[in-house]
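The values are calculated or read from the model by the stated rules, or taken from the named source; none is laboratory data. Values in this document were obtained by computation on a predicted structure and should not be read as measured data. Note that we place each Cβ from the backbone using ideal geometry, even for glycine, and neighbour counts take in every protein chain shown.
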């Protein structure tokens with residue numbers, strides 16, 4: 001389908017408008033890149049000016065919190081450890097000395 005002269009007249013009239021739209025589209029992409037660049041510059045400047053907490057300190061703080069939660073009341077926790085230690089020692093003694101005659105016979109001969 002060939003172009004007619006009347007079609008060309010219509011196209012030439014709209015050429016300025018099409019040119020402006022294409023320029024605006026290209027300009028929008030550039031403007032978005034510039035805005036993103038400015039945002040990144042602000043973020044890096046803010047990061048440089050503020051004090052950053054190190055990861056090591058956060059890990060140590062987490063360990064301290066865990067110990068406090070496990071420890072609970074401090075003195076109560078210490079008493080529980082002693083009781084458990086005594087029970088474990090009694091079990092070891094019972095296991096080691098299991099002679100049924102032990103302590104029942106007294107040797108009075110001298």
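Conditions (1) under 27 Å from the mean Cα position of the chain (by Cα); (2) modelled with pLDDT of 85 or more, marked per residue:
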{"site": "7", "(1), (2)": "no, no"}
{"site": "29", "(1), (2)": "no, yes"}
{"site": "43", "(1), (2)": "yes, yes"}
{"site": "51", "(1), (2)": "yes, no"}
{"site": "55", "(1), (2)": "yes, no"}
{"site": "59", "(1), (2)": "yes, no"}
{"site": "81", "(1), (2)": "no, no"}
{"site": "93", "(1), (2)": "no, no"}
{"site": "99", "(1), (2)": "no, no"}
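Going by what's in this entry, would residue 77 be described as modelled with pLDDT under 75, surrounded by 10 or more Cβ atoms within 10 Å (Cβ to Cβ) and assigned to a helix (DSSP H, G or I)?
Numbers: modelled with pLDDT under 75: yes; surrounded by 10 or more Cβ atoms within 10 Å (Cβ to Cβ): yes; assigned to a helix (DSSP H, G or I): yes.
In short, yes.
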